[in-house]
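Worksheet for the structure shown next.
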């Protein structure tokens, strides 16, 4: 929470500082840097205006998950399992899956509301900057926008029910026992890992471990070219749903 507060304070100070500069000083910025400054200022203001609407969408999506918290076809499937050990394993997995999907749903509204704002920022930065480091930063940011959309698009009861279709009672060799528990345990593990696995795959498709290094390099380059550190930092965090 503290880094987020500091980032917001840095951005506010940067906005005030830039507006206070005389016009000749602003004009000295390289065109690419000036364009990035302008784009992140617009994004910050647009996010602030959309903040209440995004929060309302988040709450509505989270409430919708209550429909499958303890009821629905998936829960009926679990309760129909006769073996107590397997039934309890499925129930534990379903509760964790529901909780994880609810967390995804709780930010899905923000992801939807901010998506057009992210697209607008990219349009402001098209064509990409001539500087290769800044151009790579814009490309990395585009990947992060895609990750945000992918990582928050499946928090729903429909996803919950689809995953619970795996549930079944295993009767191996005419009895339940260890072999049946093992198979049920594998399904339990898939349920509890579903959200993390899906988001990890989305991360790998849209930047993975390289995006942060690329965005940090772009931030440093903005500053090296005379840009404001606060704006440069906001650029690297433009994909965040928290600022």
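I'd like the full set of residues that are modelled with pLDDT of 95 or more and over 23 Å from the mean Cα position of the chain (by Cα), limited to segment 25-67. If the condition is that a residue be modelled with pLDDT of 95 or more and over 23 Å from the mean Cα position of the chain (by Cα), then 30, 31, 32, 33, 34, 35, 37, 38, 67 are the ones that fit.
For residue 95, the conditions (1) in a helix (DSSP H, G or I); (2) touching a helix residue (DSSP H, G or I) at 6+ places or on another chain (Cβ under 8 Å) all hold with the exception of (2).
The residues in segment 201-219 that are closer than 14 Å to residue 236 by Cα, within 15 Å of the chain's Cα centre (by Cα) and either without any contact (Cβ under 8 Å) to a residue 40 or more places away in the chain or exposed (fewer than 12 other Cβ atoms within 10 Å of the Cβ) (or both) can be counted, and the count is 1. Scanning segment 113-145 for residues that are surrounded by fewer than 17 Cβ atoms within 10 Å (Cβ to Cβ) and within 30 Å of residue 97 (Cβ to Cβ) yields one hit, 115. Do we find a residue being part of a helix (DSSP H, G or I) and over 21 Å from residue 101 (Cβ atoms) anywhere in segment 182-194? Yes: one or more hits. Within segment 137-166, the only residue that satisfies the criterion of being in a loop (DSSP other than H, G, I, E, B), in contact (Cβ under 8 Å) with a residue 40 or more places away in the chain and more than 19 Å from residue 106 (Cβ to Cβ) is 165. Against the numbered list (1) at pLDDT 95 or above; (2) surrounded by 15 or more Cβ atoms within 10 Å (Cβ to Cβ); (3) more than 19 Å from residue 106 (Cα to Cα), residue 169 comes up short only at (1).
Residue by residue through segment 25-55, note down the ones that are loosely packed, with under 12 Cβ neighbours inside 10 Å and in contact (Cβ under 8 Å) with a residue 12 or more places away in the chain. Hit for segment 25-55 is 28, nothing else.
The values are calculated or read from the model by the stated rules, or taken from the named source; none is laboratory data. Predicted, not measured: the structure shown is a model, and the values here were computed from it. Every residue, glycine among them, receives a Cβ derived from its backbone with ideal geometry; neighbour counts consider all protein chains shown.
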